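Working notes for the structure below.
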Amino acid sequence: SHELRTPLNAILGFSEVIRDSVFGRTESSWDKYGEYASSIHTSGRHLLSLISEILDLSKIEAGSYVLDIRTIDLRDVVEGALTIVSPAAAKAGVQLRPILPDTQVWLAADERAMRQVAINLLANAVKFTPKGGSVTVEVDATDALAQFCITDTGIGIAKEHVSTVFELFR
């Protein structure tokens, strides 16, 4: 359920700011509202993607799911995930700290799957990091390797649960 709630919270949070004219009705505030509208659009697209993903789950369980492997920009995927998770981080008092390269990071992957992994990891890091803590996401690349790493100042996973972290609905 949190995979659906995260983008929905972003949509609701950003749209409430626009609806309530939190930044006023000045000319300079419209730029901020435009940014928020863009974030709403990104979150809406992600939510639609999640719904498609839920429908694909039956294909996975039936063994007929096929990844859509394309050349994607990992930096762009992580930036999109940060946009979706940022309202929850702000609400929780958790600082997001991106460390991203200046250039694109190309790799062959299923973009929707990569975006969901990034969002899930970031959302969990925010959820389990206390107020005043931070979540850092770093994208790094060499000629043969592209990776992102998420670290946080949260509570971590209890040792007795480490063996079950990859089980469905754990």
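Total residues in segment 1-33 satisfying the condition of being under 21 Å from Glu53 (Cα atoms) and open to solvent by less than 50 Å² (accessible area, probe 1.4 Å): the figure is 5. Leu50 fulfils the conditions (1) open to solvent by less than 40 Å² (accessible area, probe 1.4 Å); (2) part of a loop (DSSP other than H, G, I, E, B) except for a single criterion, (2). Of all residues assigned to segment 66-78, none qualifies as being part of a helix (DSSP H, G or I), touching a Leu at 6+ places or on another chain (Cβ under 9 Å), within 19 Å of Ile119 (Cβ to Cβ) and at pLDDT below 85. The set of residues in segment 92-112 being closer than 12 Å to Val77 by Cα, open to solvent by less than 40 Å² (accessible area, probe 1.4 Å) and under 16 Å from the mean Cα position of the chain (by Cα) consists of Asp110 alone.
Here is a yes/no grid of residues against (1) on the phi > 0 side of the Ramachandran plot; (2) in a helix (DSSP H, G or I); (3) not acidic (Asp, Glu):
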residue: Leu82; (1), (2), (3): no, yes, yes
residue: Ser86; (1), (2), (3): no, yes, yes
residue: Ala89; (1), (2), (3): no, yes, yes
residue: Asp102; (1), (2), (3): no, no, no
residue: Val139; (1), (2), (3): no, no, yes
residue: Glu160; (1), (2), (3): no, yes, no
residue: Glu167; (1), (2), (3): no, no, no
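Results for (1) of a type in the set (Val, Ile, Thr); (2) surrounded by 16 or more Cβ atoms within 10 Å (Cβ to Cβ), shown as yes or no for each residue.
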position	(1), (2)
Lys127	no, yes
Pro130	no, no
Thr136	yes, no
Thr142	yes, no
Thr153	yes, yes
Gly156	no, no
Thr164	yes, no
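The values are calculated or read from the model by the stated rules, or taken from the named source; none is laboratory data. Everything quoted here is computed from the prediction, not taken from an experiment. We place every Cβ from the backbone using ideal geometry, glycine too, and count neighbours over all the protein chains shown. The protein model used for the area step is the full one, side chains on, heavy atoms only, and it has no ligands, DNA or RNA in it. Shrake-Rupley method; radii C 1.70, N 1.55, O 1.52, S 1.80 Å.
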